[in-house]
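Take a look at the structure below.
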Amino acid sequence: MTQSFTLPLPLRILSILCLCLILTFSAQAQDTEPPKVFNAEYYTLDNGMEVVVIPNHRVPVVTHMVWYRVGAADEPAGKSGIAHFLEHLLFKGSENLEPGEFSKIVRSLGGRDNAFTAHDYTAYFQSIAVEHLETVMKMESGRMRDLAVPENEVLSERKVILEERSQRTDNDPSGRFGEYLNAALYINHPYGIPVIGWRQEMEALSHKDAYDFYNQYYGPNNAILIVSGDVTGDQVLELAKKHYGRHKPVEITKRNFPKVPQLDGAAKITHSHPSIRQSQYQQIFRVPSYRINESDALTLEVIEDILGGGATSRLYKELVVEQKIATSAGLYYDPNRWSDAQFVLYATPAPNVDMETIEKAMEDELRKFVVFGVTDEELSDAISRLQAAAIYARDSVRGPAMIIGRGMITGSSLESIETWPRDIGTVTAENIKTVAKRYFDPDNSNIRTVTGYLLPEEKPETTQDNGDAP
Amino acid sequence: MILRKQFSIFALTALLFTSWVNSPAQARDSFLDIKEVTSESGITAWLVEDHSIPIIALSFAFKDAGAAQDEPEKQGLAQLASNTLDEGAGNITSEEFQKELRDLAITLRYNSGRDHFEGELKTLTKNSDRAFELLALSITEPRFDEAPLARMIAANQSRIRRSQSDPEWMAARLLNDKAYSNHPYAQNSGGTLSSLSALTANDLREFTSARLAKNNLVISVAGDITADELKTRLDSVFGNLQDTATLKSVPDTEIQNQGKIFLHDRDIPQTVIQISQPGISRHHPDYQIAQVMNFVLGSSGFGSRLTEEIREKRGLTYGIYSYFTDHNHAQSLSISTSTQNSNVSDMLNLIKQEWTKLANEPISNTELSNAQSYLTGALPLSMTSTKQITDLLLSIQLDGLPITYLDDRNAKLNAVTVDDVQNLASKLLNTDQWTTVLVGPSAALESSGVAVDETIATLPNVE
């Protein structure tokens, strides 16, 4: 297979320490407690901060993460990009630290640090030798409530985020294509605004904007601390109480995402650009996340695997292997979202294949799913794959912290993450048919979908010599 | 199939095997417990055992079997081999082969670089028998059937077409062409649109029969496998390979087109900048000094001079990094960055300033100790998974470094002095030796004062 098409494993991949337990699990009596995947330990501080510890003693390192339940979807109107901008600014001065000093100290201790912003969350992390855990915890706690960013740093960092927008989006038409599709799918909803922000709004973001957002959302009771690595729960809890316990809770701003308006007609976005040499097809549906509907989300994960998960999936086999109308095809689903998630079908058309052909083939596959469902063998193979693939996630220090963080910050309980392999095993063929029909039945005109064609620019027609003498 | 004993979760977590990295608190001789294992038929591997997780990882390579061996009209052969070795072998068709890998949660894939042809296997212990069987088949009996071959060619061609709207890819293509001019490294290691179309199953069979042998095989293993088990596996997987590879010799080369600036004209808001100058080999006695120097210059991002001056102080870029590349036949020190078109001239001048400053003035003691602290302290961060360990070991083997390399590395880093860095920097860093590539709009760049030596309209070795 080709390297460049590594498909993401289901994002809730987890690990089990003993495979035998997975295999025999379905035979066990109902009252047996299910095995936990990470054996993570859970605590809450008095100020409301949640604490998760994932012990892993293979290497004397830790990954220390703080996840804030605030992201681009919480931004005030007209201030797109402020959540991500604030993430940058958290490195530009805080309690006892000069601008830039945070990362320099981490480096000088042999560690690495970074952060990321999404629609639903902002997370900060360091990976470092375990003996420096307290140092990074102290610094991280210092910027939870004591940001100290000078005005001139705001101005220079604003240039940096504009460069980032250029690099990730404006320099490449497929980046912009993604933005258009999201905007069309999430009408009247903050997910339709890119996390990086719209350029003209980014250019106007101010010191005050950043501080207002920070003061409103950055507090211990709006955050989850996750430490993975060569530690015990007791060790981390003691340090957490000492360093994070001192912060007072903030008032939680309730999230109220608007409902989807009932719009008639599917949306089609066609984007042509002279630099495009390879057309791309995408089709998106709004579907539930774990938080919105856990049972449907689990079913959608199984559907993702069967319909679009790699070289053995239906979409790949039909479009790429059998019909040869595409050079790649698949499906992507991230269930870890606070509001609605997306089912993203994609295909790279083969040369001289038009978009309508791809669209029809996709429609046929979706229809087959809705009408005929899946075979028992497809179902059990998919569940085995998902459960077995999940084991690998334990083979990492940072990985479990990312998985648990993404799940919990978007509304899943730690327990549901720990029992995911058992839960995925309860999905039935009936569930699959029902869920397929509910969310992506191509013959149901009430289900709105957004289809995108990314195309080369049409060449002007050359005048033909039709043989007539001048 | 081997039946495993049932463990309870609690029993497993209670078994605390000694961490495989020896922390500073433990005074041991070796940094990492690496064993050299040799099978009965003489195949050698490096092994780090760890039975705390039921996973086995194997990283291996055929030295010098990579893209540099491809004939110019057969560019992409090594790449295509890497895509088709796992598309059916023995009596197993491509679909069946892929399905087995997926159903058993086995990772088996190949990857071709300019120098070496690499492979990786990752499996749960319980599926290891089948995993090693599939690996053996893929190496010794690949089918190269027509349909999967055509599919992989088409997929590569899509990849190339997609890359043509990616300015960073385009900059790298042009830089390889210019820096390695007249050398196989200038070829497109992923193939060209036309060269890929011409590749056949026969070409692939010639690839395997020439380039895959015991005498250029290098293997690293980590995880839930003992030395004795590994010996058996080595023979069963690799035992039937021919003894000797037939490889053409590739000459050494210096970085070419030094002092020149090349532009590929593209109408984009941000110009991509890539620069290469001569570098240093991992074998060179000054290599650790060079690592310290490069940390100060730009390899670490935050905390480095380039990031400090160009991103932190002036906000001119989202990222600027300097990095060494040590190929078998060429060594370089390179810069990769991007900036708004109107800032390109300033950016180039700022980088030149930092180059010159580092070449002429000693670094501070603080800069030295921060670099040493990071380079020594961060190594365990590259050992937090089974595959990271095998990748690390494989890279040491491919560079022909000894099994004790990691043990000596920290001492060497800690012995570096400010004078050492100054001596090396003054010899190595030379802006006159820069080969520079820009991808951006020529009109805007010209009007902002960037002196381009040559504008390249069509990228070489793409079509």
field: For A:Asp395, B:Asp420, order by how many other beta-carbon atoms lie within 10 Å, fewest first
entry: B:Asp420, A:Asp395
- prompt: Where does helix A:294-308 land angle-wise versus the long Cα axis of chain A, in degrees 0 to 90, nearest 10?
  reply: 50 degrees
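What is the mean number of Cβ atoms from other protein chains located within 10 Å of the Cβ atom of each residue in peptide A:395-402, rounded to a whole number?
Details: counts 13, 5, 6, 3, 2, 0, 0, 0.
The per-residue average across the peptide is 4.
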query: Any idea what the relative contact order of chain A is, in percent, if you count C-alpha pairs under 8 Å spaced at least 6 apart?
result: 24 percent
statement: Taking only the alpha carbons of region B:318-463, the radius of gyration and the largest Cα-Cα distance, Dmax, both in angstrom, are 19.4, 55
query: Over 29 Å between Cα atoms, which of A:Lys268/A:Lys324; A:Lys36/B:Lys122; A:Lys324/B:Lys214; A:Lys433/B:Lys126 qualify?
result: A:Lys324/B:Lys214; A:Lys433/B:Lys126
message: Can you order the peptides B:304-313, B:33-42 by their average number of other Cβ atoms within 10 Å per residue, highest first?
response: B:304-313, B:33-42
Semi-axis lengths, Å, region B:110-186, gyration tensor of Cα atoms, sqrt of 5 times eigenvalues: 32, 17, 14
query: What is the spin-label model distance, in nm, from A:Asp264 to B:Ser345 if the labels are put 7 Å beyond Cα along the C-beta direction?
result: 5.8 nm
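Grab the Cα-Cα distance for B:Glu36 and B:Glu146, subtract it from 0.36 nm times how many residues apart they are, and report the gain in nm with one decimal. Show your work: numbers first, answer last.
Values: separation 110, 0.36 × 110 = 39.60 nm, distance 4.04 nm.
Extending this stretch completely gives an extra 35.6 nm.
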message: Give the aspartates and glutamates whose C-alpha is closer than 15 Å to that of B:Lys178, dropping any in the same chain fewer than 8 places away, or say none.
response: B:Glu254, B:Asp453, B:Glu454
statement: Neighbours of B:Ala222 by Cβ distance under 14 Å: Lys/Arg at +1, Asp/Glu at -1, summed charge -4
task: Give me a single rounded figure for A:46-59: the average over its residues of other chain Cβ atoms within 10 Å of their Cβ.
output: 3
Helix axis angle, B:146-163 relative to chain B longest principal axis, alpha carbon, degrees: 20 degrees
- prompt: What order do you get for A:124-132, A:70-78 when each peptide is scored by the mean count of other beta carbon atoms within 10 Å, highest first?
  reply: A:124-132, A:70-78
query: Counting other C-beta atoms within 10 Å, which of B:Ile335, B:Ile389 has the fewest, and how do the rest follow?
result: B:Ile335, B:Ile389
Charge dipole of region B:230-319 about the Cα centre (unit charges at C-beta), most positive-ward option of B:Ser304, B:Thr271, B:Gln242: B:Ser304
message: Once each part is reduced to its C-alpha centroid, what is the distance from region B:363-421 to region A:256-285 in angstrom?
response: 48 Å
statement: Longest principal axis of chain A (C-alpha) makes with the long axis of helix A:151-165 (C-alpha) an angle, in degrees to the nearest 10, of 30 degrees
- line: Across A:272-279, the residue-averaged tally of Cβ atoms belonging to other chains within 10 Å stands at 5
- line: Least to most buried among A:Phe343, A:Phe116, by other C-beta atoms within 10 Å and fewest first, runs A:Phe116, A:Phe343
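Read the figures in this text as sums done on the coordinates, not as results from a lab. Quantities reported herein were computed from a predicted structural model and do not represent experimental measurements. Methodologically, a virtual Cβ is constructed for each residue, glycine included, from the backbone with ideal geometry; neighbour enumeration extends over all protein chains shown.
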